[in-house]
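Each value in this text was obtained by applying a stated rule to the coordinates, not by laboratory testing. Computed from a predicted model, the values in this text were never measured in an experiment. In this analysis, Cβ positions are derived from the backbone assuming ideal geometry, glycine residues included, and neighbour counts consider all displayed protein chains.
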Amino acid sequence: MSMKHADSIVVSSGTRAILLLATFAMNLSASTASEARRGVTLHVSKLGDNSDGRSWKTAFRTIQKALDAVPDDKGGHQIVVRPDTYVEANLAPVHKGAAGAYNSLIGDFDGSLGSGATGWVVIDSGDPEKGFKSWDWWGPLRASDKHWPHGNNQETFSSIIWDRWTLRHLYTAGGDGGFFWDLTNKSGEGFTVVVEDCVGTGRAFGGGVAYPTVRPGEPSVFRRCYFLALDWVGDTAAVLIGGWEKTMPEHPHVVFEDCTLVHTDNAVAISYASHCARARFVNCRMIVLNFTQPEMGGKSTGVICTQGHAPTGRLHVDLEDCTLAGYSVFTSGDDAKAVTYTTKGRTQAYVQFKQPVPEGFERLGLWPTDLFAQIAPPRLSGGSAVSPTRPVLTKLPLALPKAMENTPVVFNGRPLHVLNRRDDTKNGTDDYVKSMYLYAVDMDTGEEVSRFGEGHSFANAFVDGPWLHVFASEGTNRDWFQSLFHFSTRDLKTWKREPAIAKEGDEHLFNASVCRDGKGFVMAYESNKPVQFCFKFARSADLSKWEKIAGLVFTGVNREYSACPVLRYFSPYYYVIYLHAFIPGHKGYVSFLARSNDLAAWELSPFNPILEAGPGEGINNSDVDLFEWEGKTYLMYATGDQAAWGAVRIALYDGPMQEFFTGHFPPGVPTVKTGARTD
């Protein structure tokens, strides 16, 4: 909100807090979904000439050939696959990824990677003439143990070779497991994979991992996935997990976020050879179809299964905002002692009427229609999956107090945080302008490295090669904020100041945001005219001289409050995050996201608002700015009560910025349209 109405808040910043917060965020989730190191990109398409895989024209025709062509174990390599059905089994790369530089295998689901197609990349391990082909270890991912008497087991092979790989937009079928990794003779070593927006089906398992030891802060992560297993006898489940520690670790082996798990008897099971296993489930749906009555001689072994693992705790699950359905939540009898658990948020269970619901679960008495509507794997409609899910933003539990407008950037290879300070308690006095200045903080050390721009506020930074550019509004003691000025430096010591955008008449200007597009540079800048607040646009070829774009003013859908724009461009779209006033059903000032390919015609994300105040955040999530660092996207945003206090917090998207923006506009999903033209 920028505290444009505040008269009592001190907006300041600096200190080591924001650096500690950023460092914490960078290490919080399951390593990277995109790589700091950029390796080679290889292509897979049945239309390619099968030569070197370096383009769609020269693409390899099989996924395995691309996996064989990964050149080294330094990480950062990417394989992109054209949507189609690939009849392949027992896939294995020749090299692992690296810490901080995961390799990736990605289906061009929406056509954004240039394959010319949309839809699933289906990896079918069945027999193309005879159908389903499943026996031990035959499936999409290679693993085998020659000590087993039958199956695909002529030699022992560990799927640890997939360590530090990310897989996205893939659909597996026709084999023993889906996205399931068995470390076999490498059990007990560290192992991490990240699987996002995938469908895993198999006879025994839809997904899972066995048997790593925990990497603290770097678990395997399955995100926005669907898992289905077709067998119900023995060691089977929608997902199977197994660890190698002899005592329960403090950190999870694997995390499931926003996943659907479907099975005839068990949504989750601990593998038979596991010593201890720990998993975390957030916003997951666990659906079991076996409601067999024991009075009739049948047996159901629980949505979460520990059959054969009595009597002591062998499996620990942390459940947050999950819904479970099946005959019973846990395995009955002594085997129930093998599981420990925690619940958080709203964790619900729909079970047989005679079965108890453990403490911490909310019992559902009526059939959960929304839950059971999700039994089937996601189907495609116009190249997109029905019922898409929003990109996941994780709000980190730390805050920078007394802060508001800010921009994180990467300058000369290091992350900087550019902020402003002003004391709004002095608004309307002769000391207000004296309280304002701009400054930059080194995110690695927490030290202030530059102070400049006295008398200015509403800082926005942009890096262009060796130059750091900062745009800010000139303050006054009694006449609010005026025109925008441009500050630039190469060394953080000497700053050049020059006019950028001049206000018109009794207009006042506030926040600005700059991005590069194919024609040069574009700015969105905030004004109080004709709507308080709205934003306008300007262009520049050199970041120094700016021309306003006449006839364009963004005022939302109904000439409504539209403040604090942050602008980014990923061809062919401009994306803007802006602040929207109170709307029914949501808390306070909320952040909206819109996109346009010409700055005139806009469409709003169907997931709006993308940020809104949570517990302890007052009545606003405002003044968003963002940057990408080592493959993750960090959204800095302001909280507060719009009067007496404010703080900057960080929300983490575990993926690159372009993916964050495109994920908010799923193909085929209707959007609200609006326009910015005034003529």
So what are the ³J(HN,Hα) numbers for the range 277-287, from phi and the Karplus equation (6.51, -1.76, 1.60; θ = phi - 60°), rounded to whole Hz, Gly and Pro as x?
-> 9, 9, 9, 10, 10, 10, 6, 10, 10, 10, 10
What chymotrypsin sites (Phe, Trp or Tyr not before Pro) does the range 341-377 have in DSSP loop regions with at most 10 other beta carbons within 10 Å?
-> Phe353
Which far-off residues, 5 or more places away or on another chain, put their amide H under 5 Å from the one on Asp517, with H placed in the peptide plane?
-> Val522
Report, by chain and number, residues whose modeled amide H sits under 5 Å from the one on Cys564, excluding near sequence neighbours (fewer than 5 apart, same chain).
-> Asn511, Leu579
Summed residue charge, Cβ within 13 Å of Ser328's Cβ, Lys/Arg positive, Asp/Glu negative = +1
How big is the range 124-209 on each of its three principal axes, counting only the C-alpha atoms and giving the largest first in Å?
-> 38, 35, 16
Loop-resident trypsin sites (Lys or Arg not before Pro) in the range 132-219 with no more than 13 other Cβ atoms inside 10 Å, DSSP not H/G/I/E/B, are Lys146
Total formal charge among the other residues, if their Cβ is under 10 angstrom from that of Trp137, Lys/Arg +1 and Asp/Glu -1 | -3
Over all pairs of different Cα atoms in the range 42-385, the reciprocal of the mean inverse distance gives a Kirkwood radius in Å of 20.3 Å
Restricting to Cα pairs under 8 Å and 6 or more apart, the percent relative contact order of the range 284-435 works out to 15 percent
Pairs over 31 Å Cα to Cα, from Lys536/Lys587; Lys496/Lys536; Lys496/Lys673; Lys402/Lys548, come to Lys496/Lys673; Lys402/Lys548
Return one number: the angle in degrees, 0 to 90 and rounded to the nearest 10, between the long axis of the Cα atoms of helix 17-26 and the longest principal axis of the Cα atoms of the chain.
-> 30 degrees
Can you give me the relative contact order of the chain as a percent, contacts being Cα pairs under 8 Å and 6 or more apart?
-> 10 percent
Taking all pairs of distinct alpha-carbon atoms in the range 51-114, Kirkwood radius in angstrom = 12.5 Å
What's the lysine pair count for the range 42-385 at a Cα cut-off below 16 Å, pairs eight or more apart or interchain?
-> 8
Value of Rg/Rh across the range 436-565 [Cα atoms, Kirkwood radius] | 0.98
Picking from Gln348, Ile241, Gly446, whose Cα lies most toward the positive end of the charge dipole for the chain (charges on Cβ: Lys, Arg +1; Asp, Glu -1)?
-> Gly446
Under the Karplus curve 6.51 cos²θ - 1.76 cosθ + 1.60, θ = phi - 60°, whole-Hz ³J(HN,Hα) for the range 124-139, x wherever Gly or Pro sits | 9, 9, x, 7, x, 9, 9, x, 3, 10, 9, 8, 3, 6, 8, x
Estimated vicinal HN-Hα couplings, Hz - the range 77-91 in sequence order (Karplus 6.51, -1.76, 1.60; Gly, Pro = x) = 7, 9, 10, 10, 10, 6, x, 4, 9, 10, 7, 9, 9, 6, 6
Under 5 Å, built H, 5+ apart or other chain: amide partners of Leu167 | Leu105, Val194, Val195, Glu196
Quote the relative contact order of the range 42-385 in percent (integer), defining contacts as alpha-carbon pairs under 8 Å separated by 6+ residues.
-> 9 percent
Give me the net charge of Ala500's neighbourhood, meaning all other residues with Cβ under 15 Å from the Cβ of Ala500; Lys, Arg count +1, Asp, Glu -1.
-> -1
